[in-house]
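Novice: Sharing a structure with you now.
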Amino acid sequence: MSSAPEIRYVKTADGVNIAYFMLGEGALPPVVFMDVIYSHLQAEWNDPGQRAFYEAIARLTTFVRYDHRGFGLSDRDVADPSLDGLVLDVEAVVEHTLPDRQFVLLAQRGVTTPIAVKYAVRHPERLSHLVLTTPVAYLPKAFAERMDALLEAPGVDERFFSESLARLVHGWDDHDASRAMAARMRESVSLEGFRAFLTEMKRWDVRDVLPEIRTPTLLTPYKGHPLFGEEYAREIAAAVPGARVAIIEGATSAERGAMVNAAIAEFLTDGRVRAPVLAAPAERTSGTAVILFTDIVSSTELTERMGDAAFRDASRALDAGLRAAIRDAGGSAIEGKLLGDGVLATFPSAAQAIDGARRCLALSAASELGLHIGLHAGDVIREDNNVYGGSVNIASRICGLSAPGEILVSDVVRGMARSSAGVEFEDRGEQEMKGVGEPVRVYAVRWRE
């Protein structure tokens with residue numbers, strides 16, 4: 001897992017503290033990514049799939065991500081949670097981070113559309129492109145009614161509400177995506193905070209200002225979505241001059257996300273990067289694996305001490321060595337994961353995974369770069385030479401708990417490797433982990449003399 005970006009704060013015109021981070025640089029226009037409801041900078045960075053998406057953008061250009069007022073790491077208890085108040089958040093962030101540059105405003109999820117539209121109308125000179133995913137110009141009545149019903153259910157609590165809402169949005173059969181987004185929502189906003197936000201959302205309606213948008217605009221609605229269907233995008237496209245629509249199909253959140261990313265890439269590069277927006281989904285398989293995560297110790301401090309070029313050369317050399325060591329131990333490093341300062345790999349057995357971890361530590365000891373290493377085992381979903389699922393997230397969390405030069409494993413891995421020759425396990429107790437419902441008992445691996 002690569003080092004988390006530095007989270008900073010900027011104050012809005014009405015005195016609200018807004019959390020943000022910046023990544024990358026490049027010739028393409030910067031991308032400012034906005035979201036609400038599921039917005040929490042730290043939780044997003046701790047999610048391997050979301051982090052990989054952010055890092056992929058940062059390889060091409062400057063990427064700016066922030067939490068709106070009332071959500072995530074920004075001020076939660078605010079005097080003005082209105083639509084105009086949320087527009088002040090965008091204004092403060094972009095004036096502070098990109099004062100002299102045009103940028104792409106990417107509004108994630110439908111309820112962010114009105115915020116982006118208001119900004120685009122007020123500041124057309126600042127935007128090079130506007131991207132609205134699952135766009136709605138106002139809160140759909142069916143969505144509002146379902147949220148009201150959930151909030152009024154007897155005994156409703158944050159877990160019940162977040163799980164139910166996530167499944168309404170992502171689909172009842174898309175279990176992994178729904179569970180992950182529900183956990184993020186619980187970190188992003190309290191139940192009472194969401195009640196207040198819903199009251200504001202019901203007032204939003206930007207249909208009257210849509211014709212004033214002069215920015216090249218892309219709309220990516222989901223075909224047949226029960227709450228945010230393509231009919232809402234058609235209404236917006238008919239009003240926004242020159243708006244383009246890419247209708248997205250797919251059975252799961254991952255499939256739809258890949259198609260959205262392809263459509264955005266083509267739109268932002270004027271077709272120079274082309275991808276089949278409605279391509280057939282990649283084959284997905286599932287099964288059990290032992291998962292290994294590595295992460296370079298204190299990479300930010302090392303970069304400052306060694307210099308960018310020297311650290312990059314050293315980390316690339318270590319990365320190549322780690323992948324070879326993993327392969328020699330019978331594992332498979334995941335090429336599709338853009339982890340930056342670490343490696344993700346899977347193994348068919350716990351013994352092979354521990355052997356691979358030991359080889360990685362030996363390589364680290366021979367270099368000037370230390371490693372955190374974590375192992376967990378469980379069911380994973382494999383797609384496009386990538387792995388997903390709750391087990392992957394737990395392995396990442398265990399890696400983050402390990403001391404430099406230490407291999408930490410879950411109780412599952414310890415049980416699988418108990419008979420391995422020459423290995424002992426030192427109990428480190430149960431550990432609470434973000435996004436994981438139950439504590440996980442972890443053990444440090446020790447080799448017998």
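Novice: Anything in the range 7-27 that is among the aliphatic types (A, V, I, L, M), surrounded by 15 or more Cβ atoms within 10 Å (Cβ to Cβ) and either in contact (Cβ under 8 Å) with a residue 60 or more places away in the chain or farther than 22 Å from Phe53 by Cα (or both)? List them, or say none.
Specialist: Selection gives Ile7, Val10, Val16, Ile18, Met22.
Novice: Give the residues of the range 183-215 that are among the hydroxyl-bearing types (Ser, Thr, Tyr) and touching a residue at least 60 places away in the same chain (Cβ under 8 Å), sorted by residue number.
Specialist: Scanning the range 183-215 gives Ser188, Ser190, Thr215.
Novice: Step by step: first the residues of the range 371-397, then only those that are at pLDDT below 75 and not in a strand (DSSP E or B), then the one that is farthest from Ile326 (Cα to Cα). Which residue is that?
Specialist: Looking at residues that are at pLDDT below 75 and not in a strand (DSSP E or B), I get Asp384.
Novice: (1) on the phi > 0 side of the Ramachandran plot; (2) assigned to a helix (DSSP H, G or I): which one isn't true of Gly250, the others all being true?
Specialist: Among (1) on the phi > 0 side of the Ramachandran plot; (2) assigned to a helix (DSSP H, G or I), Gly250 violates only (2).
Novice: Could you please find all residues in the range 346-401 being farther than 22 Å from Phe425 by Cβ, under 27 Å from the mean Cα position of the chain (by Cα) and among the small types (Gly, Ala, Ser)?
Specialist: Within the range 346-401, Gly389, Gly390 meet the criteria.
Novice: A further question on this structure: Of all residues in the range 41-78, how many are part of a loop (DSSP other than H, G, I, E, B) and closer than 16 Å to Glu6 by Cβ?
Specialist: Qualifying residue count, the range 41-78: 5.
Novice: Between a first residue in the range 31-47 that is within 17 Å of Val111 (Cβ to Cβ) and a second residue that is in a helix (DSSP H, G or I) and of a type in the set (Gly, Ala, Ser), which pairs have beta carbons less than 6 Å apart while being 6 or more apart in sequence or on different chains?
Specialist: Final answer for the pair search is Tyr38/Ser188; Ser39/Ser188; His40/Ser188.
Novice: Right, another one. Right, Arg76: in contact with a Ser or Thr (Cβ under 9 Å, 6 or more places away or on another chain) and farther than 20 Å from Val121 by Cα or not?
Specialist: So Arg76 fits the description; yes.
Novice: Same structure, new question: What's the number of the condition Arg59 fails, among (1) under 20 Å from Ala180 (Cβ atoms); (2) among the charged types (D, E, K, R); (3) surrounded by fewer than 19 Cβ atoms within 10 Å (Cβ to Cβ)?
Specialist: Status for Arg59: all satisfied but (1).
Novice: List pairs: first in the range 308-334 and touching a residue at least 12 places away in the same chain (Cβ under 8 Å) and assigned to a helix (DSSP H, G or I), second basic (Lys, Arg) and surrounded by fewer than 12 Cβ atoms within 10 Å (Cβ to Cβ), Cβ under 9 Å, 6+ apart or cross-chain?
Specialist: Pairs that qualify, where the first residue is touching a residue at least 12 places away in the same chain (Cβ under 8 Å) and assigned to a helix (DSSP H, G or I) and the partner is basic (Lys, Arg) and surrounded by fewer than 12 Cβ atoms within 10 Å (Cβ to Cβ), are Phe311/Arg305.
Novice: Restricting to the range 28-56, name every residue that is surrounded by fewer than 24 Cβ atoms within 10 Å (Cβ to Cβ) and among the small types (Gly, Ala, Ser).
Specialist: Listed by number, the residues that qualify are Ala43, Gly49, Ala52, Ala56.
Novice: Any idea which of Phe63, Phe53 is touching a residue at least 12 places away in the same chain (Cβ under 8 Å) and touching a Leu at 6+ places or on another chain (Cβ under 6 Å)?
Specialist: Phe63
Novice: Is it the case that Gly400 is closer than 14 Å to Ala350 by Cα, at pLDDT 85 or above, of a type outside the set (Lys, Arg) and not in a strand (DSSP E or B)?
Specialist: It is false that Gly400 is closer than 14 Å to Ala350 by Cα, at pLDDT 85 or above, of a type outside the set (Lys, Arg) and not in a strand (DSSP E or B).
Novice: Another question, if that's okay. Search the range 109-146 for residues being more than 24 Å from the chain's Cα centre (by Cα) and among the charged types (D, E, K, R), and hand back the single one that is farthest from Pro211 (Cα to Cα).
Specialist: Checking each candidate, the answer is Arg146.
The values are calculated or read from the model by the stated rules, or taken from the named source; none is laboratory data. All values derive from a computational prediction rather than experimental measurement. FYI the Cβ positions are ideal-geometry reconstructions off the backbone, even for glycines, and counts take in every protein chain you see.
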